[in-house]
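Report on the structure given below.
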Amino acid sequence: DWNAFFFGNRRRLAADTVAPDTFYLYQWKTGALDVSTDGGATWQTRFTGLPTYTYHSQLKGAPGARGHLWFARGRDHAASSSSLLHSTDGGATWQPVPFFDQAWAIGFGRGREARDPSAVIVYGRAAGADSSQAWGVYRSLDQGLTWTRLSGRPLGLFDVVTTIN
């Protein structure tokens, strides 16, 4: 399996969009989240319970929100209530977003008003939804409490969405 060989040394790095010189590094083999507050000169492990061996996972800092991190488990895993995780304290604790049982890609957009938190946009599968309505691009304007389906699986082709910018 060349996938493990190719992806074996990848790390997920995210910057805090508010705190200067603060970076978060996800170690996919151990499930650890390391944090640097000095521009990457030194690192400390802050959390050790993230999913492991997630070849296509994503870790992103929410725009304009100090310490707000989102983790999408990505493809290549079984359906799980922990497919999308959210932290509001710089990765010290994580809460699952149970709306999804698969979360492949995550991104951000503008909130309702300019002063509102960023919209969270996820490509994934809604847990428990009818299979024809489950996969799609979803948006949350309230930090993951409720979700609106923006579109279905893209026309049934080119349907491995891996990036949302």
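The values are calculated or read from the model by the stated rules, or taken from the named source; none is laboratory data. Quick caveat, the model's predicted, so the values are computed rather than measured. Here the Cβ is made from the backbone with ideal geometry for all residues, glycine too, and neighbour counts use every protein chain on show. The area values use the complete protein model at the heavy-atom level, side chains included, leaving out ligands, DNA and RNA. Shrake-Rupley method; radii C 1.70, N 1.55, O 1.52, S 1.80 Å.
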Over region 41-58, the set of residues assigned to a strand (DSSP E or B) and at pLDDT 95 or above is Q44, T45, R46, F47
Sole miss for D34 among (1) closer than 21 Å to T163 by Cβ; (2) surrounded by 14 or more Cβ atoms within 10 Å (Cβ to Cβ); (3) of a type in the set (D, E, K, R) is condition (1)
- [ ] Return a yes/no flag: does region 68-81 have any residue that is among the hydroxyl-bearing types (S, T, Y), open to solvent by 60 Å² or more (accessible area, probe 1.4 Å), farther than 24 Å from W147 by Cα and without any contact (Cβ under 8 Å) to a residue 60 or more places away in the chain.
- [x] no
